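The values are calculated or read from the model by the stated rules, or taken from the named source; none is laboratory data. Please read these numbers as outputs of a predicted model, since none were measured by experiment. Because the Cβ atoms are built from the backbone with ideal geometry, glycine has one as well, and the counts that use them run over all protein chains shown.
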Amino acid sequence: MTEVERGGNDGIMEKKKTRIAFIGGGAMGEAMAKCLLTKKVAGAQDLVVSDVSLVRRELLSREYGVSCLADNREAAKNADLIILAVKPQNLSQVMGEIKGLSPDQLALSIVAGANLATLRRGLNHSCLIRAMPNMPAQIGEGMTVWTATDETEPRQKKLAQIVLSALGKEIYVADEKYLDMATALSASGPAYVFLFIEALIDAGVHIGLPRDVSQTLVIQTILGSTRTVEKTGKHPADLRNAVTSPGGTTTEALLQLEKGRFRSLFLEAVAAAYEKAKRL
Ligand SMILES: NC(=O)c1ccc[n+]([C@@H]2O[C@H](COP(=O)([O-])OP(=O)(O)OC[C@H]3O[C@@H](n4cnc5c(N)ncnc54)[C@H](OP(=O)(O)O)[C@@H]3O)[C@@H](O)[C@H]2O)c1
């Protein structure tokens, strides 16, 4: 990461390069490291990854040229930013291992269900970011919601924002309660959308379209519709009405979806995920 980038809008210039350590080099750790490198936010020499898996360590150092270690404490030692990217069940062990960070080190967790209080207690550290990215971060099209402790300095928040924006879009929220909501909506969300895509493709096949043609039609329809909502800024209901001619084909399909409680089912599904996220 360059000094200018590191300094950000608050004008703080750092003399040394920013070093980033990933604790856990699985799917998300790899996705984040890849995005940082692809978008040239960081160079391979700025990144270190620690993982219990030798296979993962070998793959990450071969694919990305980053240094990989088996020792979490060693990886965290000289890092400015330590990204916790292990599964929830491994978090407390990892926190015990890297405990004793210096006050100018920033820890950023993407672990589902781990709140700031848990991180503060486990790490005995107060400069903390809790972030909830999602799976499309793997292609730099992620959506990340994040928050920080009061003790986190503006320059550290800026650093977190730069890193998270490499994954796609990021949005900061001051109130941590929105993180559990984001877990249910945007972090679990790709699964809902993938299911929707799958069901629509099957529907096309059911009425006689070749599967590859159906898939092309569905993907572009979803991409185009999403971009239309984004670009026009119109309410989705207005756009839906524009496609629904009186007595036409679309309203026949919408009738079936309404009969199947499509809308209320989504409300209930996301609410169930939210309740689960709060219990994690
Ligand atoms: N995947 C998503 O879409 C997504 C979205 C938002 C947030 N998250 C969060 O991101 C975190 C990571 O998810 P993931 O999908 O990347 O999981 P993952 O693919 O299982 O990656 C975790 C990696 O950490 C390694 N590991 C396990 N114990 C370790 C330890 N003590 N020290 C160092 N490394 C250790 C694992 O090795 P082994 O496999 O050998 O155990 C694995 O390579 C989770 O907490 C999840 O809640 C994930």
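Out of curiosity, is residue 24 within 16 Å of the ligand (Cβ to nearest atom) and either modelled with pLDDT under 95 or on the phi > 0 side of the Ramachandran plot (or both)?
Answer is yes for this residue.
Of all residues in the range 92-102, how many are more than 8 Å from the ligand (Cβ to nearest atom) and in contact (Cβ under 8 Å) with a residue 60 or more places away in the chain?
1
Can you run down the residue pairs with Cβ atoms below 9 Å, 6 or more apart or on separate chains, where the first is in the range 21-45 and surrounded by fewer than 21 Cβ atoms within 10 Å (Cβ to Cβ) and assigned to a helix (DSSP H, G or I) and the partner is modelled with pLDDT of 95 or more and of a type in the set (Ser, Thr, Tyr)?
These pairs meet every condition: 34/64; 37/64; 44/64; 44/67; 45/67.
Can you give me the number of residues within the range 45-91 that are within 23 Å of residue 132 (Cβ to Cβ), over 21 Å from the mean Cα position of the chain (by Cα) and more than 9 Å from the ligand (Cβ to nearest atom)?
Here the count works out to 2.
Looking at the range 68-97, which of its residues are in a helix (DSSP H, G or I) and among the polar types (S, T, N, Q)?
72, 89, 90, 92, 93
Give me the residue from the range 214-228 that is over 15 Å from residue 194 (Cα atoms) and loosely packed, with under 13 Cβ neighbours inside 10 Å and, out of that set, nearest to the chain's Cα centre (by Cα).
Filtering first and then ranking leaves 227.
Out of (1) in contact (Cβ under 8 Å) with a residue 12 or more places away in the chain; (2) of a type in the set (Gly, Ala, Ser); (3) on the phi < 0 side of the Ramachandran plot, the odd one out for residue 65 is which?
Single failed check for residue 65: (3).
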